[in-house]
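Read-outs: derived from the displayed coordinates by stated rules, not from any lab. Given the structure is predicted, the values throughout are model-derived calculations rather than measurements. In this analysis, Cβ positions are derived from the backbone assuming ideal geometry, glycine residues included, and neighbour counts consider all displayed protein chains.
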Number of protein chains: 2
Amino acid sequence: MAGKAPQSLHAKQGENIFAKNPKVSAELLALTYGAFVHRLIKDESSTSGTGENAEEVNAILDKMGYNIGQRIIDEFFAKAPSQGLCRDLNDTAKVIGEQGFKMFLGVTAEVANFDVEAKAFSLIIRENPLADFVILPSPYANKLWYSNILCGVIRGALEMVNMKVAAYFRKDILRGHDCTELRVELKEIVKDKYEEDDDDK
Amino acid sequence: MAGKAPQSLHAKQGENIFAKNPKVSAELLALTYGAFVHRLIKDESSTSGTGENAEEVNAILDKMGYNIGQRIIDEFFAKAPSQGLCRDLNDTAKVIGEQGFKMFLGVTAEVANFDVEAKAFSLIIRENPLADFVILPSPYANKLWYSNILCGVIRGALEMVNMKVAAYFRKDILRGHDCTELRVELKEIVKDKYEEDDDDK
């Protein structure tokens with residue numbers, strides 16, 4: 001669908017940083033993540049395995065991601081010290097999809113579907129290292145957002161740079177959709193108490 | 001301590017395979033694994049957070065690893081098709097520590113401490129990608145084997161090639177030991193029903 005654009009600066013930067021830092025096999029992450037999600041499905045509450053606990057599992061994954069996001073943002077700035085704060089949400093979207101995804105997951109996500117007010121965007125994840133090998137058990141096929149941890153990571157990381165967002169999956173190839181789409185909606189930019197009054201947007 | 005030996009064939013093979021296959025950042029694995037272990041500590045049973053559920057968490061991690069191991073062995077042979085079955089436990093140890101560790105975790109583990117009967121060995125893990133950033137909460141400091149999933153992986157993988165082993169941590173830098181030592185003891189070699197009678201060891 002999308003034409004092959006020349007690699008952006010963010011993508012290049014992400015790739016350089018990814019190349020320099022310690023890595024593990026993507027399969028190991030996929031298998032480890034899968035084993036933990038499996039356990040959450042099986043062992044959360046009395047409705048385990050029936051699909052009824054899917055909402056709960058989604059929430060747990062999001063919460064875990066949130067905690068990871070709050071730490072990963074430090075790693076991000078430690079590795080990309082030249083990265084300043086983003087100017088607008090378009091910039092934020094690209095830094096996440098092209099640089100952040102590359103630095104940690106080794107793949108990029110495509111930025112798409114900005115709304116008219118430029119307050120929300122989607123990340124289209126063509127390759128999802130978390131979801132290799134995965135087939136959702138049928139009671140979960142329309143209920144579980146398997147990679148929901150990613151929503152939490154984005155929400156947690158952005159909160160650390162004063163952006164409150166809602167992040168959720170709209171589509172997932174695992175559910176039979178045509179692509180995997182993660183939606184990010186800006187809710188509020190929290191003012192730093194120490195911020196100078198030069199907010200001239 | 002250990003002199004820098006020239007890289008073995010297994011290590012080279014592991015490195016080549018690792019280089020060719022998709023990777024993610026080691027930090028992401030560490031943070032993800034950490035978030036899940038944290039959750040197990042907090043949410044398993046009524047003794048959550050007190051350290052009393054450490055044994056239970058160790059067992060869960062081992063069990064998860066076992067399931068991963070049973071799948072990862074297929075990945076291993078798919079990626080290293082020239083790898084035949086090992087001739088003896090010494091060979092097995094090297095394939096695990098030098099090739100298997102490299103292929104999936106991006107690091108090697110040193111084989112050491114073979115017992116006199118050559119029925120048990122240790123893997124000394126100098127760099128443990130799972131344990132980056134980790135400080136054990138004090139009620140768990142002498143009870144939790146944080147990386148216990150690795151024991152399960154080895155046990156599960158070896159069972160698929162007819163070797164029943166016990167695998168457990170003896171030491172962990174996270175507990176203040178001088179190194180991280182994973183012990184593997186061969187319990188039984190299960191005969192294939194279809195195996196020819198040419199067992200001439």
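Listed values, structure above:
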item: Mean separation of Cα contacts under 8 Å, 6 or more apart, over the residue count of chain B: relative contact order %; result: 25
item: Förster radius 56 Å - calculated FRET efficiency between A:Lys164 and B:Lys143 (Cβ-Cβ, nearest 0.05); result: 0.90
item: GNM top mover of A:Gly65, A:Gly176, A:Gly152 - chain A, alpha-carbon springs below 10 Å; result: A:Gly176
item: Over chain B: helical MRE at 222 nm, DSSP H runs n ≥ 4 each giving -39500 (n - 2.57), nearest 500; result: -12500 deg cm²/dmol
item: Residues A:His177 and B:Arg175, FRET efficiency given R0 of 35 Å [Cβ-Cβ distance, rounded to 0.05]; result: 0.15
item: Shielding of A:13-24 by partner chains, average beta-carbon count, 10 Å; result: 4
item: Computed log₁₀ I(q)/I(0) - Debye formula, equal Cα scatterers, no solvent, chain A, q 0.18 Å⁻¹; result: -1.35
item: The protein assembly as shown - Kirkwood radius from inverse mean 1/r over Cα pairs (Å); result: 22.7
item: Residue-averaged beta-carbon neighbours from other chains (10 angstrom radius) around A:127-137; result: 1
item: Cα-based convex hull volume of the range A:76-128 per residue, rounded to whole Å³; result: 62
